[in-house]
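Heads up, the thing below is written out as structure tokens.
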Amino acid sequence: HARLNARIEPVAGSSRVRLLLEMVPDPEWHIYSLENTGAYKPTAITYSETTHDVAAAGEPQEEGKKVTEFDEIMGGNLNYFHGTVVFSQEFTVTGKRPHIEGTIECQLCSGEKCILPVWEFKLDTKAK
């Protein structure tokens, strides 16, 4: 019900790279934010032990058409995205063969149906 486009791009003027995890849901589906609590599972990005020659710099970010609405049942705000959302994380390159590997798990919902798919990503980049 969604597809993942994963890529790495250099951060201009630095020894950093940016991991971009672009999630493209089907039109009737939405993806929950990194910032959810309660019964609605937040998006989670996990890096594998096989990630090497990089160090995470800062916190993951998210960009897209974010909707925040109050949920009476949960007694709090829900944060989710309609349409494409890009989750990103900057890394400092620390070695000669930077490799980023991991998973992204998102709660996807459409109407009253929700699923919890997991996608894997494996990306290499060149050291500066």
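The values are calculated or read from the model by the stated rules, or taken from the named source; none is laboratory data. What you see is a predicted model, and the numbers here were worked out from it, not measured in a lab. Positions of Cβ are backbone-derived with ideal geometry, glycine not excepted, and every protein chain shown enters the neighbour counts. Remember, those area values only see protein heavy atoms, side chains included, never the ligands or the DNA or RNA. Shrake-Rupley method; radii C 1.70, N 1.55, O 1.52, S 1.80 Å.
Residues with beta-carbon under 12 Å from that of Ser88, excluding Ser88: net charge, scoring Lys, Arg +1 and Asp, Glu -1?
-3
Sort out for me the Cα centre separation of the stretch 79-102 from the stretch 48-78, rounded to whole Å.
Each part's Cα centre sits 12 Å from the other's.
Any idea how many Lys pairs in the chain come in under 30 angstrom at the alpha carbon, given 8 or more places apart or on separate chains?
The number of close lysine pairs in the chain is 12.
Cysteines without a disulfide-compatible partner in the chain, using Cβ under 4.7 Å as the rule?
Flagged as lacking a Cys partner: Cys106.
Sort Asp53, Asp71 from largest to smallest accessible area, using a 1.4 Å probe on the heavy atoms of the protein chains.
Asp53, Asp71
So which GluC sites (Glu not before Pro) in the stretch 1-45 are both in a DSSP loop and have at most 16 other Cβ atoms within 10 Å of their Cβ?
Answer by residue number: Glu28, Glu35.
Could you work out which residue, out of Lys113, Lys96, Lys41, moves most in a Gaussian network model of the chain, that is, has the largest mean-square fluctuation with Cα springs under 10 Å?
Highest fluctuation of the listed residues: Lys113.
Farthest toward the dipole's positive end in the chain, which of Pro27, Phe70, Asn5, given Cβ charges of +1 (Lys, Arg) and -1 (Asp, Glu) about the Cα centre?
Selected residue: Asn5.
Could you run the Debye sum over the Cα atoms of the stretch 1-64, one equal point scatterer each and no solvent, and tell me log10 of I(q)/I(0) at q = 0.21 Å⁻¹, two decimals?
After summing over all Cα pairs, the log10 values are -1.09.
Let me spell out the model: positive unit charges on the Cβ of Lys and Arg, negative unit charges on the Cβ of Asp and Glu, origin at the Cα centre of the stretch 41-128. What dipole size does that give, in debye rounded to 20?
With Lys and Arg at +1 and Asp and Glu at -1, about 420 debye.
For the stretch 65-128, what percent of Cα pairs sit more than 17 Å apart?
60 percent
Quick one: plug the Kirkwood hydrodynamic radius of the chain (C-alpha pairs) into Stokes-Einstein at 4 °C, 1.567 mPa s, and report D in µm²/s.
In µm²/s, the coefficient is 84.
Rounded to the nearest 10 Å², what accessible area does Met74 have for a 1.4 Å probe in the complete protein model?
My reading of the accessible area for Met74 is about 70 Å².
Let me check I've understood the local charge: for Pro42, count other residues with C-beta under 15 angstrom from its C-beta, Lys and Arg +1, Asp and Glu -1. What total comes out?
Spelling it out: positives minus negatives among the neighbours equals -3.
Can you tally the net charge around Arg97? Count Lys and Arg as +1, Asp and Glu as -1, for every other residue whose Cβ sits under 11 Å from the Cβ of Arg97.
That works out to 0.
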